[in-house]
Every structure is written in structure tokens, then in C-alpha cells.
Amino acid sequence: MSFGYGWSEEFVAQFHDKEMRDAYVADQIRTRIALLIRALRDDREWSQTELGRRAGKPQNVISRLEDPDYGRLTLETLLEVAAAFDLPLFIDMPEWEDWFDKVSDSSTRALHRRGFDLNRLTEIASGRNVEQGEIKSEAAAAFANMLVGQQAMSGLYSVVANQNVRQEEPKSRVTGAALMAAAGAA
Amino acid sequence: MPVVSGFRCYVSPDGIDEIRAWYDRQPAKVRGKFLSRLRTLSQLQVNDWKLLLFRWLHDDCVPLGEIRFEVQNVQHRPLGFRAGENLFTITFCAREKSNRFVPSNACRQALGKMDEIKKDFRRSNVLWLRLE
């Protein structure tokens, strides 16, 4: 029986041993990074030397990054390599089910990435704004209809509801610096 | 991503899945890494298997290939052969030290087991590990 995309009850049952599961996670991440760097470099037709030049690293560092058995990656190096591809970096410690989903695809097809493209991002953002604007308009219309209906029924509803509206406190955020410190400590 | 490549494992004349027996003898770190590598390879077409995860062997070891991974300075080399377009059968789990297999006759053993399977398909099992 499948729980999520690409993993089953029998699959997750194999991870009852903590040491085994730690080894599995470490290898999936290292392998993913190695395959990703190789795939991004191949897409751009860059040699290891060329990527090294762009990331400010010698070729042998890039060669090690593409070795799934190399275990001494630093966050700083990953940031520099990501920047060389003009890509952001994302580090997280998610729930297990999210992690299984996120790493469920290591195929070459899943490792293509586009660098920063302001036009594309602007188009996406404007498309999203239109969508959100429509939702807001629909919500506003529905709310207005509801009020009209209620007023017609009792003629009494007015400001009282507003007095009960509580301003929600902004949720506390984990800062980027705290996240980086946590990742560094790990 | 669905599994696109599958694995089978050598079974001895007395019915023991020798790859599973090897796996069961390994420490947790080796078991975790072995499962991880098979999972990654299973998501690629066998034609796309390449260094540094996998290597096809040469000379006396043809047509064998080796799955490559290291745990605590031990280079593990499960050996096997391509048994179909996207099917790989593991026949023997060797190690590598100073560019030589341990045991030194690993290729000969793996090839002999391959011949046994080719004569009798029942001398291999579907991989018991779940990859998805």
C-alpha cells in the first residue's frame, strides 16, 4: 500500500534501525548533490574546470563534489556552487513523509534547473497576482452578499462584529541566520 | 518517480539468496548505503548508470558491472550482469583494495554464478529489498 508518491509501507518498514536510516539519508543527500551538480554542469556544457572557475574553486574540488562518497561538503561551498549556476540553495529538516516525497525522484529528468530569469519570475508573479486578485474579488463579493442578507433579516447587524475582530499576531519566523547556524552545527 | 530498473540476486544450489545473506551480515551503515544506491540506480535506465555510482568492467571481468560505494574506508563492489534491458542481477559482493578485488578471484566467482543463472533462471530471486 502506498502512503505517498514513490514509497510504500514495506519501503518505510526498512528504516526501523536508526543507524541504517541515518546512513540512508546521508547517502541520498550526498548522491543527490553529486548527481545534481553533474547534471547542471552537463546541461550548460561546462567542464569541471569551467564550473570551478565560476565558483572560485579548483577543478579537484568540483570533482569531489560530484563524488557521492565524498562526505565533507560545507555549506559555504554549496552556496558558492549554487551561485555559479545562478540558483538558490534550500536546506531544511523536514518531516519524514515530506523528505521521502522530496527525494523520491533522482532521475536525470528531475535534475534540470533554470538559472535566475527576471522576466520569467515577473510573469509568474503577475500571473499569481491576477489569480489572487480574482480570489479576493470573489471573496469580497461573497462577504458583501452575506452582509446584505443578514441585514435584510434582522436590520440590526452593524459594527458589533468588527469589535470582535482580533488582529492576529504575526507568526514568529526562523531567521536565515538561525537556519544557517543550525545547518552548520549539523 | 517510479522504479525503472530492477534487480535480481544470485541463489545458491541449496536455495540461499547469497546477496541477502551478505546484506544481513553487514553493519547498519553498509545496509543503509547499499539500499540508497540501489534506490538511486533503480530510478535510472541501466544505460544511464555511470561513474561514480557504477562501472562496467573490462578484460577478464566482461560482461560484469560493479556497483560502487564506500563505507568507512572500505570500498564495496557488488558485482553483477545485465539480465535484460533494465534488469541487473547481482551475483557476488566483493570489496576493492589498492585497485584489486578482494577476494582476488571475485570476477571469476561472479562470472561462474552468472553462468549458473543463465542455465537455470530459478537460481536468482527478485531483490527482496523494497525500493519504493
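The values are calculated or read from the model by the stated rules, or taken from the named source; none is laboratory data. Fair warning: this is a prediction, and the values are worked out from it, not measured in the lab. Heads up, the Cβs are rebuilt from the backbone with ideal geometry, glycines too, and the neighbour counts pull from every protein chain shown.
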Is it the case that the range A:124-141 has a residue that's within 27 Å of A:Asp22 (Cβ to Cβ) and at pLDDT 90 or above? no
Identify, by number, the condition in (1) out of contact with any Asp or Glu (no Cβ under 7 Å at 6 or more places or on another chain); (2) assigned to a helix (DSSP H, G or I); (3) farther than 16 Å from B:Arg20 by Cβ that B:Arg122 doesn't meet. (3)
Just checking, does the range A:24-42 include any residue being of a type outside the set (Ser, Thr, Tyr), assigned by TED's automatic domain parsing to the domain that holds A:Ser107 and not in a helix (DSSP H, G or I)? no
May I ask you to list the residues in the range B:101-115 that are outside any helix (DSSP H, G or I) and in contact with a helix residue (DSSP H, G or I) (Cβ under 8 Å, 6 or more places away or on another chain)? B:Phe101, B:Pro103
If a residue must be in a loop (DSSP other than H, G, I, E, B), among the hydrophobic types (A, V, I, L, M, F, W, C) and either facing chain A (nearest Cβ under 10 Å) or touching a Ser or Thr at 6+ places or on another chain (Cβ under 6 Å) (or both), how many such residues does the range B:3-56 contain? 6
How do the helices (runs of 4 or more DSSP H) wholly within the range A:45-110 filter down when requiring 2 or more residues that are under 28 Å from B:Val3 (Cβ atoms) and in contact with a Phe, Trp or Tyr (Cβ under 7 Å, 6 or more places away or on another chain): which remain? A:96-102
Any idea which residue in the range B:57-100 is surrounded by the most Cβ atoms within 10 Å (Cβ to Cβ), counting only those that are of a type in the set (Asp, Glu) and assigned to a strand (DSSP E or B)? B:Glu66
With surrounded by 17 or more Cβ atoms within 10 Å (Cβ to Cβ), over 20 Å from B:Gln75 (Cβ atoms) and within 11 Å of chain B (Cβ to nearest Cβ) as the only criterion, which of A:Gly6, A:Gly52 stands out? A:Gly6
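Per-residue answers, yes or no, for (1) within 13 Å of chain B (Cβ to nearest Cβ); (2) on the phi > 0 side of the Ramachandran plot; (3) surrounded by 12 or more Cβ atoms within 10 Å (Cβ to Cβ):
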| site | (1), (2), (3) |
| --- | --- |
| A:Ala23 | yes, no, yes |
| A:Arg30 | yes, no, yes |
| A:Arg38 | yes, no, yes |
| A:Val61 | no, no, yes |
| A:Phe85 | no, no, yes |
| A:Phe90 | no, no, no |
| A:Pro94 | no, no, no |
| A:Thr108 | yes, no, yes |
Out of (1) within 17 Å of A:Leu35 (Cα to Cα); (2) within 14 Å of chain B (Cβ to nearest Cβ), the odd one out for A:Trp99 is which? (1)
